[in-house]
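Below is one structure, written out as structure tokens, with a few remarks after it.
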Amino acid sequence: MTDQKEFRRACYEAARRTRGKVTRFVPSEVARNFETGEIAFDHRTVAVLWTQDGDEGGSREILGIADAFITFGTITFVDEPGLLAVLGELLPGHRLYSRAELEAPIDLTAPRWRNHYDAQYWKPDCLGKVLFSCWD
């Protein structure tokens, strides 16, 4: 399992390799199930999202990339392929999701989500909003 220190170290190394700069880290909190590491590039600032997700197969650690401006209930997933590739090298065994995967719709009646309280209550429209939840 990755700890906060390892996640932050990976963000710094990924930023270095992709010519970005880590600007800050935002820890998870009560209404947010993920931590972010913000990396600034010349063309934009992105947030590397890190959380854990559990299902019948056990717990797994997952990563995604979003626009750095995240508010309660609003995450805009983005593609930053070079950064995602480097994170894959630095954190093997983690599940890295692309923008297309995170924006894919989910079927709330499917077995995986049917008994998932947050999914049933908030009724998110895509996978990313379930995996990276920031509801009040």
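Coordinate-derived values only; no laboratory data. Every value quoted in this text rests on a predicted model; they were computed, and no experiment measured them. Every residue, glycine among them, receives a Cβ derived from its backbone with ideal geometry; neighbour counts consider all protein chains shown.
Just a few scattered comments:
- Folded to 0 to 90 degrees: helix 81-90 orientation relative to the chain principal axis, Cα: 90
- Within a straight-line Cα-Cα reach of under 20 Å, Lys21 can be paired with the following aspartates and glutamates, leaving aside sequence neighbours fewer than 8 residues apart in one chain: Glu6, Glu13, Glu35, Glu38, Asp42, Asp67, Asp79, Glu80, Glu89.
- Taking 0.36 nm per residue of separation and subtracting the Cα-Cα distance, full extension of the segment from Asp125 to Asp3 would add 41.0 nm.
- Qualifying GluC sites (Glu not before Pro) for segment 39-118 [loop in DSSP, other Cβ within 10 Å: at most 11]: Glu56
- The mean sequence separation of alpha-carbon pairs under 8 Å and at least six residues apart, normalised by the residue count of the chain, gives a relative contact order of 21 percent.
- C-alpha long axis of helix 4-17 to longest principal axis of the chain, angle in °: 50
- The alpha carbon convex hull volume per residue for segment 4-131 rounds to 105 Å³.
- Alpha-carbon centroid distance for the pair segment 95-133 / segment 1-53, whole angstrom: 21
- The chymotrypsin sites (Phe, Trp or Tyr not before Pro) of segment 64-135 that DSSP puts in a loop, and whose beta carbon has at most 11 other beta carbons within 10 Å, are Phe69, Phe72.
- Longest stretch of the chain clear of exposed loop sites (trypsin sites (Lys or Arg not before Pro), DSSP loop, at most 13 other Cβ atoms within 10 Å, sites excluded): 45-136.
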